[in-house]
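Read through the structure below, which is laid out as structure tokens, and then see the notes.
The values are calculated or read from the model by the stated rules, or taken from the named source; none is laboratory data. Just so you know, these numbers come straight off a predicted model, no measurement behind them. Please note: Cβ atoms are built from the backbone with ideal geometry, for glycine as well, and neighbour counts cover all protein chains shown. For the accessible areas, the whole protein counts, side chains as well, though only heavy atoms, and no ligand, DNA or RNA atoms are used. Shrake-Rupley method; radii C 1.70, N 1.55, O 1.52, S 1.80 Å.
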Amino acid sequence: MTAKTIFILNGPNLNLLGAREPEIYGRDTLADIEAACAAAAKASGFEIDFRQSNTEGTLVDWVQEADTKAAGLIINPGAYTHTSIALLDALTAATIAKIELHLSNIHAREEFRKHSVTASAADGVIMGFGAAGYILALDALKSLLEKRSA
Ligand code: CA2
């Protein structure tokens, strides 16, 4: 872990990527996405710590850990996006640069997905670009960090 580490946290069911619902979430597996993120981050002088959990408390613990160890955080909270005040509180408490990310455009989906409980704690939100959104989020985080250190 270095001063230039970026945590990329993935919430519930994202371990199933590539195996089901490719019309919504694409054909890339989470391992494919991790490999693409690692390469993109390396090219920008960052390293990533890429994790997935199906458990809300674990994600809360990791947000807290990111705040002490990482320069920035990208999080796809999965379905906890729509329900988790615990994650909102953890993200609000974290002072590092934060981006919320969704593979799908949650505003173009079911009513219950249209509201993000957690997004207000993020510096910005990227959604609707599938797996490419992770690379866009890394780019966005890089420019946020450059602004912060200027
Ligand atoms: O669009 C996104 O990235 C979501 O965060 C994905 C979550 C969903 O609950 C959010 O509303 C939007 C679901 C991730 C589950 O991924 C699966 C992948 C393949 C098969 C089944 C689920």
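Only helices enter this figure: runs of n ≥ 4 DSSP H residues, each worth -39500 (n - 2.57), summed and divided by the residues of the chain, yield -12000 deg cm²/dmol at 222 nm to the nearest 500.
Is the C-alpha gyration tensor of the stretch 1-116 telling us rounded, prolate or oblate? Criteria: a/c under 1.5 is rounded; beyond that, a/b larger than b/c is prolate, otherwise oblate. The shape class here is oblate. A simple spin-label model places the labels of residue 61 and residue 4 3.0 nm from each other, with each point 7 Å out along Cα-to-Cβ.
Derived scalar couplings between HN and Hα for the stretch 135-149 equal 6, 4, 5, 4, 4, 5, 5, 4, 6, 4, 5, 5, 4, 5, 8 Hz in order, rounded to whole Hz, by the Karplus curve 6.51 cos²θ - 1.76 cosθ + 1.60 (θ = phi - 60°), x for Gly and Pro. Applying a DSSP loop filter and a limit of 12 other Cβ atoms within 10 Å to the trypsin sites (Lys or Arg not before Pro) in the stretch 1-44 leaves 20, 27. Relative to a virtual label point 7 Å from the Cα of residue 111 in the Cα→beta-carbon direction, which members of the stretch 58-93 show backbone nitrogen distances below 17 Å? It comes to 82-83, nothing else. If R0 is taken as 30 Å, the Cβ-Cβ distance between residue 132 and residue 16 corresponds to a FRET efficiency of 0.95. Taking the Cα centre of the chain as reference, the dipole from Cβ charges on Lys and Arg (+1) and Asp and Glu (-1) amounts to some 280 debye.
Surface analysis of the chain yields an accessible area of 48 Å² per residue, using protein heavy atoms and a 1.4 Å probe.
Residue 127 sits among other residues whose Cβ lies under 12 Å from its own Cβ, and their net charge, with Lys and Arg +1 and Asp and Glu -1, is +2. The share of accessible area on the chain that comes from carbon and sulfur is 53 percent, using a 1.4 angstrom probe. Shown in residue order for the stretch 19-36 are the 3J(HN,Hα) couplings computed by the Karplus curve 6.51 cos²θ - 1.76 cosθ + 1.60 at θ = phi - 60°: 8, 9, 6, x, 5, 9, 10, x, 9, 5, 7, 5, 5, 4, 5, 4, 5, 5 Hz (x for Gly and Pro). Each Cα pair under 8 Å and six or more residues apart adds its sequence gap; the mean of these over the residue count of the stretch 5-149 is a relative contact order of 26 percent.
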